[in-house]
Amino acid sequence: MAKIIDYGRFAERLARKESRWGLLEEFQREWGYVDPGGEPQVTREGEAPGFVLEEAGPLPAALVEWWDSPVNSFAFRPRLYWTHSAWPPAGTDTADDPPGDEIRVVMSEYQYVNQWGYLASEAGHDDPKVMVNTGAGWVEQSRSISEFFLQLAMERLPAHFGWGLRVARKTVEDDPEIVERLRATHREMGFLPWQEMGTDSLSYGGPDVIVRHGRGPGADYAIVVQARTRAALTATLESLGITWAEEDVDPPSEIPATPEDLPPAAFTAGDSDDRGRWTVATTDAPRVPAEVPAPARDLPGRTVAASDGEVVVAGDAAGGVHAWTAEGARLGQWPLHRAPVTAIVCLPQEETHRIFSGDAHGVVRTWTTGPDGGRRTPFDRRGTPVTALAEGDLETGGALAAAWADGLVRLWSRPTGDRADLRLGTGIEALALDPSGTLHVTTANGTFVLELDQDLLWPARDLRLRLREIDWRSLRTNRGRAEEIPRLIAELASDDEAAAQAAVKELYGLMVSKRGARSAAAAAVPFLVERMLIPDNRARNTLLLLIADLAVGQGPAREAVRAVVPDLEHFRRDPHPSLRWAAEELVRICAED
């Protein structure tokens, strides 16, 4: 965040915005939000299966665009927002409609106290204003739907990605000059006051900072300062004459992952990684020249091209992807990326062809040449350009490989979604996967052949297949059906210690409660123990405590844990104190009458 952005001039940006979603994308990027990759967690099709737009009557174009937009951070990270979406737009359930009209709700505050929606009489407008219910009835919240979603992002994202400090109401009551100093040193950002839970909050901007003045009776804090940097937060507090203690400062909870720091890729025959996942078979494999298939040769701005023999695909410098039949008939073109396309690969399916494309922003997307091929679906994302993509059929099934500019190569098992991160080094220009289980890595210095050990590459792959044999939808957790349990159990095998620990924490929240473990727990216990017995598991200390706490109370989960105590008792003699203590807790809990 080297460039300072003056949010005191945000009203000017708001007034001259050139597209509905361009300013939203800019704002999100400025605060550090990045496309997370993977499937959207919330989609309009998922919210209302079978709902057909053509049969729904008039709907604002901006609302449909927002749902389908690749910059819709709510769809990919809804927990950043703590709101509930409504699709299709529905009637109100917490307040009367305005006189002579009706509200069509598009979003609700997390406790359903407030709802936001447009007037039914304006349903045919492209981008109608948004209303919100307050104690005084329905009032205008935003001048348009697109402005509302921009304002909602502004209200939510800085709390996760920025530095913050909240000033109590009494502090401002004792020193009302704070508000005067705010008005003198910062400028309004151009939005209407935010009406949620009675806050009546007005937003002011300054260099790298947003300051909210909560004027309503529901505002928990009179002043909330959120800054892109620690220095901007300090400067703002000093300009407002606010004293604070270090413990009052809230640091960012969302910190973007940093790229790898790897040397150029270089191999010697017989080299292998420390886990035996790959071994260098040869360092002088012939380099296969890259040929541009005929239909793509005349594409303006072409950056990459590939073919599976039946379909030709290509990417361009504007982020577009294109597809033709091998005979040259155009199948379509889609603006799937927001950066130059740097890698592309195509693989046949039964009736369509699946395409994976990567770009200069580090995003890998997947799409198909079928009727729904234009949907912009992220597959993965890292903060450095994609340099190569490859696909192939191995003994374990289909596989995909991607290389990024920082030297990391990621391989996925397509049947299960398992992935492996290989830190091979920078300068990788091309990848190829052979059915024999080899990965060809091409750099400026030649092509190297790595033999892959697929069992070591994806150690959780067999586990995922066995997890699929259980009907998790019929089992319960603290938050409903247990569909998330298999994914979290598999993540316990992650190379990333933070990811493994996060999986334990989420499993704890799903299965442990004061009323005893949920029904999913008994089915999960054998898999948790299996993960516990893997020596290089990165979360064994907290995982063993989770298993112990599943034995609290009575029921199938307790019996499942008591049955595996003999397999875990040896941790009472482990060299690590945290594991010894967790094992003692396990034995103590299971011995209770």
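The values are calculated or read from the model by the stated rules, or taken from the named source; none is laboratory data. This structure is a prediction, so every number in the text was calculated from the model and none was measured. Using ideal geometry, Cβ is built from the backbone for each residue, glycine included, and neighbour counts are taken over all protein chains shown. We work out accessible area using only protein heavy atoms, side chains counted, and drop any ligands, DNA or RNA first. Shrake-Rupley method; radii C 1.70, N 1.55, O 1.52, S 1.80 Å.
Find out how many positive minus negative residues lie around MET197, taking Lys and Arg as positive, Asp and Glu as negative, among other residues whose Cβ is under 11 Å from that of MET197.
Around MET197, the surrounding residues sum to -4.
Using every pair of alpha-carbon atoms in region 79-200, split the distances into 5 Å bins beginning at 0 and state the percent of pairs per bin, rounded to integers.
With a bin width of 5 Å, the distribution comes to 2, 10, 18, 21, 18, 13, 9, 6, 3, 0.
Is the C-alpha gyration tensor of region 193-316 telling us rounded, prolate or oblate? Criteria: a/c under 1.5 is rounded; beyond that, a/b larger than b/c is prolate, otherwise oblate.
prolate
Only helical DSSP H runs with n ≥ 4 go in: add -39500 (n - 2.57) per run for the chain, normalise by residue count and round the 222 nm mean residue ellipticity to 500 deg cm²/dmol. The partial results should precede the final answer.
Numbers: 17 runs with 159 residues, N = 593.
Rounded to the nearest 500, it is -7500 deg cm²/dmol.
State the percentage of accessible surface on the chain attributable to carbon and sulfur atoms; use a 1.4 Å probe and exclude ligands, DNA and RNA.
Reported share for carbon and sulfur atoms: 50 percent.
I want to check the label-to-label distance for THR94 and THR352. Put each point 7 Å from Cα in the C-beta direction and report it in nm to one decimal.
My value for the distance between the label points is 3.8 nm.
If you find the alpha carbon centre of region 387-451 and of region 345-360, how far apart are they in angstrom?
16
Report the net charge of residues surrounding SER436, where surrounding means a beta-carbon distance below 10 angstrom and charges are Lys +1, Arg +1, Asp -1, Glu -1.
-3
With a ≥ b ≥ c taken as the square roots of the eigenvalues of the C-alpha gyration tensor of the chain, please select rounded if a/c is under 1.5 and otherwise prolate if a/b is larger than b/c or oblate if it is not?
Taking the square roots of the gyration eigenvalues as a ≥ b ≥ c, the chain is oblate.
Starting from the amide H of GLY398, placed 1.01 Å from N in the peptide plane, find each other amide H under 5 Å away whose residue is 5 or more places distant or on another chain.
ARG414
Starting at 0 and stepping by 5 Å, how many percent of the alpha carbon pairs of region 1-90 end up in each bin?
2, 11, 20, 20, 18, 14, 9, 4, 2, 0
Whole Å is fine, so just give me how far the alpha carbon centre of region 560-582 lies from that of region 97-165.
Each part's Cα centre sits 52 Å from the other's.
Please list, or write none, the lysines whose alpha carbon is within less than 23 Å of the alpha carbon of LYS17, excluding same-chain residues fewer than 8 places away.
LYS3, LYS129
Once you charge only the Cβ atoms, +1 for Lys and Arg and -1 for Asp and Glu, what is the size of the charge dipole of the chain about its Cα centre, to the nearest 20 debye?
With Lys and Arg at +1 and Asp and Glu at -1, about 600 debye.
For region 252-321, what is the accessible area per residue in Å², given a 1.4 Å probe and the full set of protein chains?
On the way: 4180 Å² over 70 residues.
Normalised by residue count, the accessible surface of region 252-321 is 60 Å².
Residues of region 12-114: accessible area per residue at 1.4 Å, in Å²?
Here the residues of region 12-114 average 49 Å² of exposed surface.
Lysines near LYS514 by alpha-carbon distance under 19 Å, same-chain residues fewer than 8 away left out - which ones?
Cross-link targets: LYS505.
If you rank ILE589, ILE255 by how much accessible surface each has, with a 1.4 Å probe, what is the order from largest down? Please report the intermediate quantities before stating the final value.
Working: ILE589 10, ILE255 135 Å².
Final ranking, largest accessible area leading: ILE255, ILE589.
Can you send over the solvent-accessible area of SER85, 1.4 Å probe, protein chains only, in Å² to the nearest 10?
30
Packing-wise, with mean Cβ within 10 Å as the measure, how do 412-422, 218-228, 463-473 rank, highest first?
So the order, starting with the most tightly packed, is 218-228, 412-422, 463-473.
What's the whole-number percent of alpha carbon pairs in region 458-497 lying beyond 15 angstrom? Walk me through the intermediate numbers first.
Working: 326 of 780 pairs.
Roughly 42 percent, once rounded to a whole number.
Take peptides 174-183, 199-208 and line them up by average Cβ neighbours within 10 Å, highest first, as a rough protection proxy.
Numbers: 174-183: 13.8, 199-208: 21.4.
Result, highest mean first: 199-208, 174-183.
Using a 1.4 angstrom probe with every protein chain in place, what is the largest-first accessible-area order of LYS17, LYS170? All intermediate terms of the calculation are to be shown ahead of the outcome.
Working: LYS17 65, LYS170 125 Å².
The most accessible residue leads, giving LYS170, LYS17.
Rounded if a/c is under 1.5, else prolate if a/b is larger than b/c, else oblate: which is region 464-593, with a ≥ b ≥ c the root eigenvalues of its Cα gyration tensor?
Cα axes put region 464-593 in the oblate bin.
On the principal axes of its Cα set, how long, how wide and how thick is region 322-474? Give whole Å, largest value first.
49, 41, 31
Take peptides 163-169, 268-274 and line them up by average Cβ neighbours within 10 Å, highest first, as a rough protection proxy.
Descending packing order for the listed peptides: 163-169, 268-274.
So what does PHE149 come to for accessible area, using a 1.4 Å probe and Å² rounded to 10?
Spelled out: PHE149, probe radius 1.4 Å, area about 10 Å².
What is the sum of charges around ALA222, taking Lys and Arg as +1, Asp and Glu as -1, for the other residues whose C-beta is under 15 Å from the C-beta of ALA222?
The answer is -1.
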